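The block underneath contains the structure these notes are about, expressed in structure tokens.
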Amino acid sequence: MKFHRNIRLPIASACAVLLCLLVLPLAASAQASVVKTQKAGDYTVTLRILPAESFTGMNAQMVRDGGDEPVMEGGPAYPNHHMVAFIKKDGKPVEHARVTIEYRSNPGAEWTKVPVARMHAKGKGRKSTHFGNNVTLQGGKYEVRVTVNGSTALFNVQV
């Protein structure tokens, strides 16, 4: 079917607008952050899921303080999110704890363990200590389980 050139431009423009309307919400949801807080025994756990963050180089956002090795942004696992838990006890940040973080995409699925690194935000010091790592998540709903010194908080999130 051949269109007259006066019709091709409006059709191409309409297709471009439709494509943007479909793609932009997907791109925005991939970068949207999640912040949820739950109690785990005596601890207050704030789960944050953010875009992946760097641990190396001049522009590093995080400083590793211990625990597992960081999953590098742009590395072979292609992490697209930074899943971390900020932990407080009696209103004060907890710098040292046994922390595990696991997630699954639906209730019957197996849990995926996050290699938990202890870190703080570069330039913010130990008061910004948090636990977690970069992970690869597809858009959708997840259950996230954070255990702190034997006490567990369960989160339902959507990324």
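Just so it is clear, none of the values below were taken in a lab; they were calculated from the coordinates. All values reported here derive from a predicted model rather than from experimental measurement. Every residue, glycine as well, gets a Cβ built from its backbone with ideal geometry; the counts of neighbours run over all protein chains shown.
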Legend entry - Positive minus negative residues near Asn156 (Lys, Arg vs Asp, Glu; Cβ under 9 Å): +1
Inset, instruction - Please find the FRET efficiency linking Lys39 to Glu95, where r is the Cβ-Cβ separation and R0 is fixed at 22 Å, and quote it to the nearest 0.05. - result: 0.70
Inset, instruction - Over region 37-158, calculate the relative contact order: mean separation of alpha carbon pairs under 8 Å at least 6 apart, over the residue count, as a percent. - result: 30
Inset, instruction - Give the distance, in whole Å, between the Cα centre of region 115-140 and the Cα centre of region 41-81. - result: 4
Legend entry - 12 Å beta-carbon shell around Met62, net charge (K/R +1, D/E -1): +1
Legend entry - Net charge of neighbours whose Cβ lies under 12 Å from the Cβ of Asn134, counting Lys and Arg as +1 and Asp and Glu as -1: -3
Legend entry - Reach of Lys92 by Cα under 15 Å, taken over aspartates and glutamates that are not fewer than 8 positions away in the same chain: Asp42
